[in-house]
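Beneath this line is the structure, given in structure tokens, with notes to follow.
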Amino acid sequence: MGISELLVAVLVTGISCINAAIPAGAYLRLKDPRFLLLSGASGALALLGAFWTWGQLPLGPPGWVAVNLPTLLLALFVTVLLLAATLWPRNA
């Protein structure tokens, strides 16, 4: 357990929560199912980040929530790519 792993796990959770809200709002406005899929992918990453955050806390979590820094950094990279795909302006 380290502070860097906890910080990256919290970043994955937070960015994924923000990124799940943006396409969910677009789905409610436009009813395009692609936005629902983006929101679901980001929601799944947020849930995974929450499990990883739980695994880094000193509360005696189960072993299946343990993660290492390279895996966290890869998940953070995927999360940032999803956020960039969501926020990138569309060519009209």
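The values are calculated or read from the model by the stated rules, or taken from the named source; none is laboratory data. The shown structure was predicted, so the numbers you read here are calculated from the model rather than taken from an experiment. Cβ placement follows ideal geometry from the backbone for every residue including glycine, while neighbour counts extend to all protein chains displayed.
Tabulated data for the structure shown
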{"item": "Pair list, Cβ < 6 Å and 6+ apart or interchain, from the stretch 1-13 residues that are under 16 Å from Leu47 (Cβ atoms) to residues that are surrounded by 11 or more Cβ atoms within 10 Å (Cβ to Cβ) and of a type in the set (Gly, Ala, Ser)", "result": "Ala9/Gly49; Val12/Gly49; Val12/Ala75; Thr13/Ala46; Thr13/Gly49; Thr13/Ala50"}
{"item": "Residues located in the stretch 22-48, provided they are small (Gly, Ala, Ser) and more than 22 Å from Leu74 (Cα to Cα)", "result": "Ala24, Gly25, Ala26"}
{"item": "When residues of the stretch 19-34 are limited to those that are among the hydrophobic types (A, V, I, L, M, F, W, C) and either in contact with a strand residue (DSSP E or B) (Cβ under 9 Å, 6 or more places away or on another chain) or closer than 12 Å to Thr86 by Cα (or both), the one surrounded by the most Cβ atoms within 10 Å (Cβ to Cβ)", "result": "Ala20"}
{"item": "All positions within the stretch 35-79 that are surrounded by 16 or more Cβ atoms within 10 Å (Cβ to Cβ), farther than 12 Å from Val12 by Cα, among the aliphatic types (A, V, I, L, M) and touching a Gly at 6+ places or on another chain (Cβ under 9 Å)", "result": "Val65, Val67"}
{"item": "Elements of type helices (runs of 4 or more DSSP H) contained in the chain, each with 1 or more residues being at pLDDT below 85 and hydroxyl-bearing (Ser, Thr, Tyr)", "result": "69-87"}
